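In what follows, a structure is listed as structure tokens, so that the remarks can point back to it.
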Amino acid sequence: MSDLRTDLEATRAQAGKRLAAAATADAVEGLRHELLGRSGTLTALLRGLGGVSAEERPALGQLANQVRRELEAVIEDRLAALRGADLEARLADEALDMSAPGRPVRVGHLHPVLTTLRDLREIFHAYGFEVFEGPEIETEEYNFELLNIPPDHPARDLWDTLYVAEPGSIEAGEPRPAADGTILRTHTSPVQVRAMQALDAPIRVLTPGRCYRYEAVDASHAFEFFQVEGLVIDCDTSLADLKGLLEEVARALYGREVATRFRPGYYPFTEPSVAFDIGCLVCGGSGCPACRRSGWMTILGAGMVHPNVLRAGGFDPDEYQGYAFGMGPDRMTMLRHGIGDIRLFFSADLRFVTQFAEGR
Ligand SMILES: [Zn+2]
């Protein structure tokens, strides 16, 4: 028996054991290289065939080829087994357990001020009003001029209005208002002009949205707040229509017969202007600290649209009239829920907000 035959048998036995023990596909590939590669063990043995006698060569050649085929087959089997096991393990790892209970989903809810806004929208919808929205970043022209508020009017005081800075002026250490008059709107009234410019008469719109003023923040003042304004433009409207509408709305909003009154008021964009009061919801009219002992609470301002504003909106004051009114949903919400501090609305304190999760 030649040495070559012994070596082939030994290689066959050892390689078989090592392949069976290989734990990963990489290890098997390593062994394939070590055994069958260009300078592998078996390859080297096959080269030795050249040195054996002519009688022995056919049998040894046959054996060598048989060993090679066997090892190749073992390697393929082993690889298939390892890859199968790998897949099994991954499938087991990533399996979905359809019977497991779901994780609870946290559902949000409306902020109390938004609930008030939605209620207002619903009430006014019944009277034919549609929502019309405008930009929060406005121009001085829309926020003031077109609303009959000339440049020297106190409402335009630099200290009340939040001006957008001229580009580069902050970096230069000399902040100044943008030359193009870009500001944060101080009220939702500019939307009235935008609505008039965009729509044909008759107009009945509600304009809810955020407004901004440079205010010292305290329990009843915030530098951001909501307003809702209403605007009606038609060729046959009067202060009587406005009064009738507001009385109906006050009843719908507070859910009972509330006392109401009109007082003379002043706004640059309406003429005449009125303040609309309801009987104090706290004391019922007898006088208390909430109503400053007057028995009344002012819930909105209103009036007939000023001819200059009608013109700015593209309507001829000789042909059309209109009325407008504005409310503060923040204050209305505070009255509704007995909330004593407006800052709570903007504090993002969940202990406050989640109180309004249910029941409205
Ligand atoms: Zn009162």
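Taken over the stretch 288-323, the criterion of being small (Gly, Ala, Ser) and within 16 Å of the ligand (Cβ to nearest atom) is satisfied by Ala290, Ser294, Gly295. Of all residues in the stretch 101-119, those satisfying the criterion of being farther than 10 Å from Phe356 by Cβ and part of a helix (DSSP H, G or I) are Thr116, Leu117, Arg118, Asp119.
When the residues of the stretch 147-165 are narrowed to those that are at pLDDT 90 or above and farther than 20 Å from Tyr267 by Cα, which ends up farthest from the chain's Cα centre (by Cα)? Only one residue tops the list, namely Ala165. Taking Phe276, is it assigned to a loop (DSSP other than H, G, I, E, B) and either crowded, with 22+ Cβ neighbours inside 10 Å or touching a Pro at 6+ places or on another chain (Cβ under 9 Å) (or both)? So Phe276 fails the test. If you go through the stretch 264-287 one residue at a time, how many are within 12 Å of the ligand (Cβ to nearest atom), of a type in the set (S, T, N, Q) and under 30 Å from Pro150 (Cβ atoms)? Residues flagged as within 12 Å of the ligand (Cβ to nearest atom), of a type in the set (S, T, N, Q) and under 30 Å from Pro150 (Cβ atoms) within the stretch 264-287 amount to 0. Annotation note: of Arg331, Arg293, Arg261, the sole residue that is in a loop (DSSP other than H, G, I, E, B) and either at pLDDT 85 or above or within 34 Å of the chain's Cα centre (by Cα) (or both) is Arg293.
Taken together, Glu34, Glu76, Glu70 contain a single residue that is surrounded by 14 or more Cβ atoms within 10 Å (Cβ to Cβ), in a helix (DSSP H, G or I) and not β-branched (Val, Ile, Thr), which is Glu34. The condition (being surrounded by fewer than 14 Cβ atoms within 10 Å (Cβ to Cβ) and out of contact with any Cys (no Cβ under 7 Å at 6 or more places or on another chain)) is satisfied by just one residue among Glu257, Glu229: Glu257. Is it true that Arg261 is at positive phi and within 16 Å of the ligand (Cβ to nearest atom)? Against the criterion (at positive phi and within 16 Å of the ligand (Cβ to nearest atom)), Arg261 does not qualify.
Might you let me know whether the stretch 115-123 holds any residue that is surrounded by fewer than 16 Cβ atoms within 10 Å (Cβ to Cβ), within 27 Å of the chain's Cα centre (by Cα), within 26 Å of Gly209 (Cβ to Cβ) and touching a residue at least 60 places away in the same chain (Cβ under 8 Å)? Scanning the stretch 115-123, I find at least one residue that is surrounded by fewer than 16 Cβ atoms within 10 Å (Cβ to Cβ), within 27 Å of the chain's Cα centre (by Cα), within 26 Å of Gly209 (Cβ to Cβ) and touching a residue at least 60 places away in the same chain (Cβ under 8 Å), so the answer is yes. As for the stretch 203-222, it holds no residue that is among the small types (Gly, Ala, Ser), in contact with a strand residue (DSSP E or B) (Cβ under 8 Å, 6 or more places away or on another chain) and surrounded by fewer than 16 Cβ atoms within 10 Å (Cβ to Cβ).
The values are calculated or read from the model by the stated rules, or taken from the named source; none is laboratory data. Everything numeric in this text was worked out from a predicted model, so none of it was measured. Methodologically, a virtual Cβ is constructed for each residue, glycine included, from the backbone with ideal geometry; neighbour enumeration extends over all protein chains shown.
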